[in-house]
Amino acid sequence: MPNFSPRHALLLLILAGCAEPPSPDPLLGAMENSADRFMRQGLYSQAIQTYQGAVRQQPEDAELYRKLAEAHDKNGNQEGAVVIYEKAIALRPDYAKARTELAFLYTRLDRYDDAFSQLHQAISVQPDYAWAHMILGLLHFREGRYPEALAAYRQALAAEPEYGEAWFNLGEVHLKQNDYTAAAQAYRRAIDADSTRARYRNGLGSSHYRRRDYAVAAAQFTRAVQLDSLFAQAHFNLGNALLRTGEKEEGRRRLAIYKELNDQENRIEGMKYTLLSQPDNAQVYHDLGVIYGQRGQYREAAIQYRQAIARDSTFAPAHHNLGNIYLRAGRLEEAVQRFHQALRADSTYALSHLALGNAHMMDKQYDHAIDRFRRGLRHAPDNARLRRNLTLALEIQAAARGGQ
């Protein structure tokens with residue numbers, strides 16, 4: 001038997017009692033940070049792969065599973081996201097955030113009983129979790145249970161008194177109950193919390209409109225469309241308020257804007273609904289990107305084009321349109337790469353020949369530009385822009401040579 005001295009015994013006791021916890025794995029942290037960055041960029045497939053690598057390294061980390069589930073949800077795999085959220089919750093039953101995100105996902109899958117169950121469990125483990133109360137209020141509101149919705153929103157505000165969205169939703173319930181004074185008070189509290197949100201101004205305008213205070217309502221609706229020019233309902237409300245105040249021409253113009261925006265929003269919702277059952281349909285993602293681009297929502301358009309490319313790497317229009325977004329942002333090198341990728345996918349895609357020719361013109365590489373325009377015209381001989389730009393490039397080239 002070894003003979004330990006008291007000094008040795010004390011040293012062992014100290015070492016045992018003072019053992020430091022293992023330091024965080026820097027590689028794991030780098031993987032998680034990379035995946036988080038992919039999520040912010042809308043590169044959901046890459047985020048999924050990277051989170052999966054992190055999960056393999058740390059299979060007991062509930063937060064990594066939650067992030068992986070969110071990535072699957074964003075990538076159109078809602079059923080897969082449900083399974084992964086359940087894994088996160090199994091690892092950490094008191095994880096209120098994961099339960100609330102899962103509940104919100106259930107609402108989009110029309111699984112309302114499951115959503116209610118998750119929200120009640122989230123609140124039971126974290127009674128002051130304002131977001132869970134908020135989502136619970138929205139579900140009650142959807143079912144027409146206004147007293148229950150009011151109670152849920154008030155619980156959210158008790159936990160987070162400056163929660164603008166909760167104040168707004170409180171106003172929405174009061175508006176449904178025809179309590180316009182209480183609605184206006186709630187909307188004003190929402191605006192105090194965040195004066196940049198168009199929805200809050202629109203809500204306040206609606207409370208005045210219902211009281212037939214059309215001039216004040218019009219002022220609030222005007223502010224709403226100034227804050228968000230794509231807010232269809234605010235244009236509709238403003239148009240009606242202006243008609244009521246005698247500004248017929250401007251009122252009709254606003255209603256026309258509403259119709260166009262509302263049509264776009266309906267198409268967007270229809271495509272999103274299609275993607276629930278066809279999550280790998282590259283054409284639908286591309287078409288979503290086109291609509292977002294028409295609306296000037298270029299970041300969202302880029303995300304949709306990347307989604308299309310992730311499902312079909314040979315989808316030339318998606319590469320081309322993503323290149324146009326890069327070009328608009330001044331990212332010329334990335335734009336050129338996308339135009340080349342479009343042509344690798346489809347060498348006859350005339351618009352990418354046109355785009356590359358324009359890029360060469362910007363670099364004063366007129367020979368290359370002329371070659372690109374001519375290639376494009378071989379595939380689209382009636383394209384007026386290709387013909388016009390070819391003529392211009394030839395004129396500039398001739399002038400440059402004449403001046404030498």
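Would you please give the residues with an amide H less than 5 Å from that of Arg145, counting only those at least 5 places away or on a separate chain, with H modeled from the backbone geometry?
For Arg145, no residues qualify.
Sequence neighbours fewer than 8 away in the same chain don't count; with that in mind, list the lysines whose C-alpha is under 27 Å from Lys272.
Those lysines meeting the cut-off are Lys67, Lys74, Lys87, Lys97, Lys259.
Just to confirm my numbers, what's the Cα centroid distance between the range 217-237 and the range 61-129 in Å?
With the range 217-237 and the range 61-129 each reduced to a Cα centre, they are spaced 34 Å.
Shape verdict for the range 27-108, please, from the Cα gyration tensor: rounded (a/c under 1.5), prolate (a/b greater than b/c) or oblate. Spell out each step's value before the answer.
Values: a/c = 2.02, a/b = 1.21, b/c = 1.67.
Oblate is the answer for the range 27-108, as a/c is 1.5 or above yet b/c matches or exceeds a/b.
Using alpha carbon centroids, what distance separates the range 141-155 and the range 275-336, in Å?
What the calculation gives is 39 Å, centre to centre.
Helix-only mean residue ellipticity at 222 nm, the chain, DSSP H runs n ≥ 4 weighted -39,500 (n - 2.57), per residue, nearest 500. What is it? Don't skip to the answer; put the middle values down first.
Numbers: 22 runs with 320 residues, N = 404.
Helix contribution divided over all residues of the chain: -26000 deg cm²/dmol.
What list do you get for Lys67, Lys272, Lys87 if you sort them by fewest beta carbons within 10 Å? All intermediate terms of the calculation are to be shown ahead of the outcome.
Details: Lys67 24, Lys272 13, Lys87 17.
If I rank by nearby Cβ atoms, fewest first, I get Lys272, Lys87, Lys67.
Specify whether the C-alpha gyration tensor of the chain places it in the rounded, prolate or oblate class, a ≥ b ≥ c being the square roots of the eigenvalues: rounded for a/c under 1.5, otherwise prolate if a/b is larger than b/c and oblate if not.
Values: a/c = 2.46, a/b = 1.17, b/c = 2.11.
In terms of gyration-tensor shape, oblate.
We did not get these values from a lab; they are worked out from the coordinates using the rules stated. Source: prediction; values computed, not measured. Backbone-built Cβ (ideal geometry, glycine too); neighbour counts: all protein chains shown.
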